[in-house]
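For reference, the structure is listed below as structure tokens.
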Amino acid sequence: MVLLKAKYGIVLIACAMLLSCKHKPAYDGRGSAYPEAVGKIILDKCATTGCHNSTSHKGAGGLNLTSWYTLFEGGSIGTSVIPYSSKFSTLCYYTNTDTSLGVTLTPTMPVNQAPLTKEEYLTLKHWVDEGAPNINGAVKYADEHTRSKVYVTNRLCDVVTVFDSRSLLQMRYVDVGISAAEEFPVTIKVSPDKQYWYVSFFAQSEVVQKYSAVDDRWIGDLHLGLGSWTSFAITQDSRYGYFVDNTSKGKVVYVDLFAMKVLATYDFGGRFSYMSGIVINEARNKLYIGTSFGNFIYSIDITNPLSPIIKEIPIDGSGVVQNQPVVNPTDFELIPSSNKCYVACQQSKDIKVIDMETDSILSTIALDTYPAFMSYSAKTKKLFVSCPDDEQSFAGNRGAIAIVDTEHDVLYKRLDSGYQPYGLSVDDERGIVAIANANFAPGGDEPHHSSDCEGRNGNVTFIDLNTLELVKINRSEVAVYPFGVATR
């Protein structure tokens, strides 16, 4: 593995400057709650005077290692230990000097002192891979089955990052996919009953995967047939799903999610083409599906889902279906308890508001930049829209979040959430909006860390629904190209 270097890490800069660290034990180990062997290493060599102890940690990236409890409070850029995943834990990156054992970052910790021995590093690594338990065997975040979470797909790394919604810290990394080759996880959704989450892949695949939202373990694979399953919708009773194949001759697959069984496949006589985005109305008798290359949406009457009635509806006012990049409607968001549906249109750089009962266009909201994804807050009656290529709103940044007032259907404000925002998801109960900032295009933020996934890390930021401002300036790094977001 190639030696990876982090140039701008806040934690690294702080520690590198603290050359006066005496590296004497801050504590004798009592009350730290670390297992004995782990505690001896961390307390003697990391949680020391001038570095990561309770009196010095604010000058060392905010990371306090004096106890197992403070370890999981994280630092200024997130958490340093992900239970069961040493390959995404920065504590391991900075204490490792052997590239054959995993990622190696510099400067090596402890700063200005002898590095850990191979045996000491492996003690830490094995501890993390076993869940980083405390002295009593408890694993962080394993104690609450109803925990609110945020799920983020990492498009260039076949993992899903799981955040704890209360602390807004990374709590798990879940390996996804069925192949050794990259599958590019893209869309993720939590079932309305909050019992399961589903993830699909940008690479052509025969499956969409199902996981438990209680403990994030794999449940099974939905076998849909070969396709690029980039969009899907789940009915409010969590029982059925509609999955969209984004290929030149696509299809829609209707699935019983409880039985894990395909019930029907719609192909529209080969006329489905590059479909993107899907929404189901609350009456469960109509679907809207977009196209990334046209001026129309597919309207599908599913009163009898085994015998759908499919129409193409122009939404540019022309009344004529065109397979030309005129509008390119690619994402949908329905306002609960209404027939009002918002349609993100990439080519026309606006949002169309459509009545799903009558298929009529109610209004158009100009954005002057292309919208990618949307999520609605019933609490604030605001629609949050990611605009990953907006280079006008905030000097030096690429991307913005547009906030739409849905009571008047006008643009309310824009926020700088980070570089290249794509997926986002509202959690009204927790009062946050989670945003995946891909940070992949040239000119993006220099990440503090690297990982064993090739490419530049992205990050996740959060909007406070009470203030409609970012929760905090610091950003929690995740793996490469974070893209889809779902909340539980």
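A few notes on this one:
- Filter result for Ile365 (closer than 30 Å to Ala283 by Cβ, β-branched (Val, Ile, Thr) and surrounded by fewer than 24 Cβ atoms within 10 Å (Cβ to Cβ)): yes
- For region 138-175, a residue qualifies if it is hydrophobic (A, V, I, L, M, F, W, C) and assigned to a loop (DSSP other than H, G, I, E, B), and the qualifying residues are Ala138, Val139, Ala142, Leu156, Cys157, Leu168.
- Summed over region 191-207, residues that are of a type in the set (S, T, N, Q), within 18 Å of Val162 (Cβ to Cβ) and open to solvent by 10 Å² or more (accessible area, probe 1.4 Å) total 1.
- Set side by side, the residues Ala441, Ala436 differ, and just one is part of a loop (DSSP other than H, G, I, E, B), within 17 Å of Cys387 (Cα to Cα) and among the aliphatic types (A, V, I, L, M), which is Ala441.
- Residue match in region 265-279 (condition: more than 21 Å from the chain's Cα centre (by Cα), within 20 Å of Pro329 (Cβ to Cβ) and of a type in the set (A, V, I, L, M)): yes
- The listed residue being among the β-branched types (Val, Ile, Thr) and open to solvent by less than 10 Å² (accessible area, probe 1.4 Å), out of Val433, Val410, Val426: Val433
- Among the residues of region 310-359, those that are open to solvent by 10 Å² or more (accessible area, probe 1.4 Å), aliphatic (A, V, I, L, M) and either part of a loop (DSSP other than H, G, I, E, B) or touching a helix residue (DSSP H, G or I) at 6+ places or on another chain (Cβ under 8 Å) (or both) comprise Ile310, Val320, Val321, Val326, Ile335.
- Scanning region 178-198 for residues that are in a strand (DSSP E or B), in contact with a Lys or Arg (Cβ under 8 Å, 6 or more places away or on another chain) and under 21 Å from Arg147 (Cα atoms) yields Val190, Tyr196, Trp197, Tyr198.
- Checked against the criterion of being at pLDDT below 90 and surrounded by fewer than 20 Cβ atoms within 10 Å (Cβ to Cβ), the candidates Ala114, Ala60 yield just one match: Ala114.
- When region 265-287 is limited to residues that are under 14 Å from Leu224 (Cα atoms) and touching a residue at least 40 places away in the same chain (Cβ under 8 Å), the one that is most open to solvent (accessible area, probe 1.4 Å) turns out to be Thr265.
- Boolean, Val262 is more than 20 Å from Asn323 (Cα to Cα), open to solvent by 20 Å² or more (accessible area, probe 1.4 Å) and assigned to a loop (DSSP other than H, G, I, E, B): no
- Whenever a residue of region 206-220 is touching a residue at least 12 places away in the same chain (Cβ under 8 Å) and in a loop (DSSP other than H, G, I, E, B), its partners that are of a type in the set (Lys, Arg) and crowded, with 17+ Cβ neighbours inside 10 Å, lying with C-beta atoms within less than 6 angstrom and at least six residues away or across chains, give the pairs Ala213/Arg488; Asp216/Arg172.
- Any chance Lys472 is out of contact with any helix residue (DSSP H, G or I) (no Cβ under 9 Å at 6 or more places or on another chain), basic (Lys, Arg), in a strand (DSSP E or B) and open to solvent by 20 Å² or more (accessible area, probe 1.4 Å): no
- Residue, most open to solvent (accessible area, probe 1.4 Å), within region 239-257, restricted to residues that are over 15 Å from Pro305 (Cα atoms) and over 21 Å from the mean Cα position of the chain (by Cα): Lys249
- Take the conditions (1) in contact (Cβ under 8 Å) with a residue 60 or more places away in the chain; (2) among the hydroxyl-bearing types (Ser, Thr, Tyr); (3) within 18 Å of Ala259 (Cα to Cα); Thr187 misses just one of them, which is (3).
- Pair list, Cβ < 9 Å and 6+ apart or interchain, from region 250-261 residues that are within 23 Å of Gly277 (Cβ to Cβ) and of a type in the set (Asp, Glu) to residues that are in a loop (DSSP other than H, G, I, E, B) and open to solvent by 40 Å² or more (accessible area, probe 1.4 Å): Asp256/Arg239
- A search for C-beta distances below 8 Å between a residue of region 157-171 that is on the phi > 0 side of the Ramachandran plot and any residue that is among the aromatic types (Phe, Trp, Tyr), counting only pairs 6+ apart in sequence or on different chains, returns Leu168/Phe462.
The values are calculated or read from the model by the stated rules, or taken from the named source; none is laboratory data. In this text the structure is predicted, and so the values were computed from the model without any measurement. FYI the Cβ positions are ideal-geometry reconstructions off the backbone, even for glycines, and counts take in every protein chain you see. What goes into the accessible areas is simple: the full protein's heavy atoms, side chains included, and nothing from ligands, DNA or RNA. Shrake-Rupley method; radii C 1.70, N 1.55, O 1.52, S 1.80 Å.
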